[in-house]
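What follows is a set of notes on a single structure, which appears directly below.
The values are calculated or read from the model by the stated rules, or taken from the named source; none is laboratory data. A quick note: this is a predicted structure, and the numbers were derived from the prediction, not measured. A quick note on method: Cβ atoms are made from the backbone with ideal geometry, for glycine too, and the neighbour counts reach across all protein chains shown. Keep in mind that these areas ignore ligands, DNA and RNA; they rest on the heavy atoms of the full protein, side chains included. Shrake-Rupley method; radii C 1.70, N 1.55, O 1.52, S 1.80 Å.
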Amino acid sequence: RQFVFAYLRSVISRREVRLVSALQASHRSMGIRLNPDQVVDLGFQFLPMLGRFFAPFSEAQSLLPRLHASGLKLGVVSNTMVPGFAMDEHLRGAELLQYLPVRIYSSEVGYKKPNRRIFRLALNRIGAEPERTLFIGDSARNDVHGPSRLGMKTAFLSPDARVSPRKAKLW
């Protein structure tokens with residue numbers, strides 16, 4: 001029940017579900033208090049799921065090292081309810097973590113793309129001006145509309161050829 005309430009609150013408030021908080025609340029409602037190590041252990045239980053549902057584009061493993069070596073500042077902004085430490089471990093397993101020094105996860109900051117605050121936070125952490133930043137993403141609504149409102153350049157990368165940026169719904 002705690003997960004349903006957490007999800008509904010996130011939809012109404014347009015903020016991210018913090019899965020760790022929902023897990024803690026769920027256990028608390030059953031009279032189980034989790035210590036910090038147990039919370040981390042629960043968070044890591046999501047790693048197998050990440051491998052099945054969040055696979056990087058195959059080109060990323062060859063492209064990111066070259067972009068990083070060229071001196072570009074790289075980062076990731078992700079809408080995810082999965083705890084940041086589990087996402088980092090997933091990127092480490094994909095051998096991409098070292099190329100993405102700035103990582104903003106909605107589960108950690110509480111705001112989801114296309115909210116401007118998540119992009120401002122990324123710009124601040126990476127130390128870049130919006131007009132000198134290219135944001136690449138696979139969601140027209142979240143990864144094109146959101147950052148372009150701040151003046152970032154955007155590139156739409158369709159994971160499949162069925163959706164084109166012209167046909168994607170932007171608001």
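Of all residues in the stretch 50-84, how many are modelled with pLDDT of 85 or more and either assigned to a loop (DSSP other than H, G, I, E, B) or under 13 Å from the mean Cα position of the chain (by Cα) (or both)? Matching residues across the stretch 50-84 total 12. Only a single item in (1) farther than 27 Å from SER21 by Cα; (2) at pLDDT 95 or above; (3) touching a helix residue (DSSP H, G or I) at 6+ places or on another chain (Cβ under 9 Å) is not met by ARG120, and it is number (1).
Among the residues of the stretch 93-106, is any within 27 Å of PRO48 (Cα to Cα), at pLDDT below 90 and open to solvent by less than 20 Å² (accessible area, probe 1.4 Å)? Yes: the stretch 93-106 contains one or more residues that are within 27 Å of PRO48 (Cα to Cα), at pLDDT below 90 and open to solvent by less than 20 Å² (accessible area, probe 1.4 Å). Would you be able to tell me the number of residues in the stretch 123-149 that are buried (at least 16 other Cβ atoms within 10 Å of the Cβ) and under 16 Å from ILE104 (Cβ atoms)? Within the stretch 123-149, residues that are buried (at least 16 other Cβ atoms within 10 Å of the Cβ) and under 16 Å from ILE104 (Cβ atoms) number 11.
Considering the conditions (1) free of Cβ contacts under 8 Å to residues at least 12 places away in the same chain; (2) part of a loop (DSSP other than H, G, I, E, B); (3) charged (D, E, K, R), ARG92 is excluded by exactly one of them, (2).
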